[in-house]
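One structure is given here, and the rest of the page talks about it.
The values are calculated or read from the model by the stated rules, or taken from the named source; none is laboratory data. Predicted, not measured: the structure shown is a model, and the values here were computed from it. Every residue, glycine among them, receives a Cβ derived from its backbone with ideal geometry; neighbour counts consider all protein chains shown.
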Amino acid sequence: MYDTKILPPTPEGIREAAEILRNGGIAAIPTETVYGLAANALDENACREIFKAKGRPSDNPLIVHIGRFEDIYKYAEGVSGNALRLAREFMPGPLTMVLPKKDIIPAVTSGGLDTVGIRFPANKTAQAVINECGYPLAAPSANLSGSPSPTVLSHVVRDMSGRIPAIVDGGCCTVGVESTVLTFDEEDRAVILRPGFVTPEDIGGVIGEDNVICSAGVTERVAEGERVLSPGMKYKHYAPKANVTIIEGSYDRYVEYVAAHNGSGVFGAVEDNRSYPFSSLFWGASPEEQARRLFDVLRGLDDRNAVQAYFPCPGKKGVGLAVYNRLLRAAGFEVIRL
Ligand code: TXA
Ligand code: MG
């Protein structure tokens, strides 16, 4: 049990977090996407502590966060032409590239795979902690395994209090969904394993739309026992205690549907502050706003002891694809088409 300290994002707070990390400890830090649970990526014992604190399956690899562009070459082998083009365009930023790993990355960090996910976060506090440490930081989202990712300080406090020595306060995360994860096939095409704020359209704009593929797991359920490129995709994720259902159809039909299925413990996520004939939870109208607020809305369902929650189906383009991907997992792939 730790007496978890909340550190401010000041030079002193950053130094204190870096000291914990340099000594083989773990600490939660903000990034622009979600809060991460960080440890020295080159120290397998420190990384083991991450898996323990989260209750995470050991075959699910950790993303390695760097604080300088050139460090890609320290940890990844053979950075392809398209990988370099995308890195130049989107790093620092909410993009993770899965590349062949160098031996310096321990098997514990990479979940036993011969690849490593590399991300250079844009968040200044994250960059400062990494650079103050002098090591790359392995960091999964700072939630208990299976819970929605934390996008505000109180989420991290709720999941990690007592389990870790410190949390650096970074306020609210601006993106709200985790980074876009992609890898490259033999023809150097980008294969999207997890959609995010860097969209397939953005990626196609840099390397050509014919060079972008979405892996099937992005919008479909992965069959039991099937081999997946990204181990994280096979686990049930982001799920509140309430049953979550996605309603596909116009927004007006959605409102009618929820009103018709109203009852005690029933909630509907809505896009504005109008009054609705059911208990509504404000979510947002644009894909960007829905991305930023999704995990807070999902956590809010538990606070309200919700039994059933309905969500209007996000558009599957742009940032909407990332929102849809997370919501599908929270809903256990339950979609009602009106
Ligand atoms: O935005 C983010 O990416 C956040 C912040 C903290 O940086 N991190 C994050 O980490 O979301 P995590 O561990 O919750 O999700 C990482 C995902 C998992 O689905 C994992 O399986 C996949 O990326 N991944 C990581 N390394 C991989 C690798 N070498 N090969 C395939 N998939 C990998
Ligand atoms: Mg996660």
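Checking the condition within 16 Å of ligand 2 (Cβ to nearest atom) and either outside the structural domain of GLY146 (by TED's automatic domain parsing) or surrounded by 17 or more Cβ atoms within 10 Å (Cβ to Cβ) (or both), which residue from ALA291, ALA242, ALA285, ALA309 passes?
ALA291
Restricting attention to segment 166-196, which residues are hydrophobic (A, V, I, L, M, F, W, C) and within 15 Å of ligand 2 (Cβ to nearest atom)?
Within segment 166-196, CYS173, VAL175, VAL177, VAL181, LEU193 qualify.
I need a count of the residues in segment 118-165 that are within 13 Å of the chain's Cα centre (by Cα) and of a type outside the set (A, V, I, L, M, F, W, C).
12
State which residue is nearest to ligand 2 (Cβ to nearest atom) when the search covers only segment 120-134 and only residues that are touching a helix residue (DSSP H, G or I) at 6+ places or on another chain (Cβ under 8 Å) and small (Gly, Ala, Ser).
Selected residue: ALA128.
Can we say PRO9 is surrounded by fewer than 17 Cβ atoms within 10 Å (Cβ to Cβ) and in contact (Cβ under 8 Å) with a residue 24 or more places away in the chain?
no
Being within 16 Å of ligand 2 (Cβ to nearest atom) and surrounded by fewer than 22 Cβ atoms within 10 Å (Cβ to Cβ) narrows it down to one of LEU153, LEU137, LEU144, LEU113, so name that one.
One residue alone meets the criteria, LEU144.
Is there a residue being more than 16 Å from the chain's Cα centre (by Cα), among the charged types (D, E, K, R) and either in a loop (DSSP other than H, G, I, E, B) or surrounded by 24 or more Cβ atoms within 10 Å (Cβ to Cβ) (or both) anywhere in segment 84-92?
No, the conditions are met nowhere in segment 84-92.
I'd like to check which strands (runs of 3 or more DSSP E) are fully inside segment 135-212 and have at least 1 residues that are more than 12 Å from ligand 1 (Cβ to nearest atom) and over 29 Å from ALA17 (Cβ atoms).
190-194
Test VAL116 against the stated conditions and say whether it is closer than 20 Å to PHE69 by Cβ, touching a residue at least 12 places away in the same chain (Cβ under 8 Å), part of a strand (DSSP E or B) and in the same structural domain as PRO57 (by TED's automatic domain parsing).
Yes; evaluated as a whole, the condition is true for this residue.
Going by the conditions given, is LEU42 in the same structural domain as ILE118 (by TED's automatic domain parsing), surrounded by fewer than 21 Cβ atoms within 10 Å (Cβ to Cβ) and among the aliphatic types (A, V, I, L, M)?
Considered against the rule, which asks whether it is in the same structural domain as ILE118 (by TED's automatic domain parsing), surrounded by fewer than 21 Cβ atoms within 10 Å (Cβ to Cβ) and among the aliphatic types (A, V, I, L, M), LEU42 comes out as yes.
Matching residues to (1) hydroxyl-bearing (Ser, Thr, Tyr); (2) in a helix (DSSP H, G or I):
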| site | (1), (2) |
| --- | --- |
| ALA269 | no, no |
| SER280 | yes, no |
| ALA285 | no, no |
| LEU298 | no, yes |
| ASN305 | no, no |
| ASN325 | no, yes |
| GLY332 | no, no |
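Just wondering, is there one or more residues in segment 145-161 that are closer than 17 Å to ALA27 by Cβ and not assigned by TED's automatic domain parsing to the domain that holds PHE120?
No, segment 145-161 contains no residue that is closer than 17 Å to ALA27 by Cβ and not assigned by TED's automatic domain parsing to the domain that holds PHE120.
Could you tell me whether PRO57 is at pLDDT 95 or above and either buried (at least 22 other Cβ atoms within 10 Å of the Cβ) or within 16 Å of ligand 2 (Cβ to nearest atom) (or both)?
Considered against the rule, which asks whether it is at pLDDT 95 or above and either buried (at least 22 other Cβ atoms within 10 Å of the Cβ) or within 16 Å of ligand 2 (Cβ to nearest atom) (or both), PRO57 comes out as no.
Answer yes or no as to whether ALA107 is in contact (Cβ under 8 Å) with a residue 24 or more places away in the chain and under 27 Å from ASP296 (Cβ atoms).
Judged against the criteria, ALA107 is not a match.
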